[in-house]
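First up is the structure itself, then whatever we jot down about it.
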Amino acid sequence: MSAALSTSSIMPRRQSRIEIAHDLSLSDLSIWSGLSVNKLYSHMREVVDGLPYYQIGRKIYVSKSEYLEWRTRRFASTRPDPAIVPPRRRRRKSRVS
């Protein structure tokens, strides 16, 4: 049974408001980025290279382009920073009795 689909019945996918928006609230940014709201708050409060945001009243907004620039600048290094990542500890050998 090969029923041919007419091209008029195929509609393009509708974009969500998160995909369309340039500035996202923290709850929308957490959905879009995959990070929790608490983790985003902690990144905003960091003294050195914190997440850029702006606030209108009590609402906090983050620009998508600024978030992407911050994320690549902050997390796209080839090697971990030795000041941040502690050296690996040796595992103890198990004692077999």
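The values are calculated or read from the model by the stated rules, or taken from the named source; none is laboratory data. Please read all numbers here as calculations on a predicted model, not as lab measurements. Every residue, glycine as well, gets a Cβ built from its backbone with ideal geometry; the counts of neighbours run over all protein chains shown.
So how many residues does the range 53-67 have that are part of a loop (DSSP other than H, G, I, E, B) and surrounded by 17 or more Cβ atoms within 10 Å (Cβ to Cβ)? Full working, then the answer.
Step one: list which residues in the range 53-67 are part of a loop (DSSP other than H, G, I, E, B), which gives 53, 57-58.
Keeping just the survivors that are surrounded by 17 or more Cβ atoms within 10 Å (Cβ to Cβ) gives 53.
Of the residues in that region, 1 qualify.
I need the full set of residues from the range 22-52 which are surrounded by 15 or more Cβ atoms within 10 Å (Cβ to Cβ) and either at pLDDT 95 or above or assigned to a loop (DSSP other than H, G, I, E, B) (or both), in order please. Of everything in the range 22-52, those that are surrounded by 15 or more Cβ atoms within 10 Å (Cβ to Cβ) and either at pLDDT 95 or above or assigned to a loop (DSSP other than H, G, I, E, B) (or both) turn out to be Leu35, Leu51.
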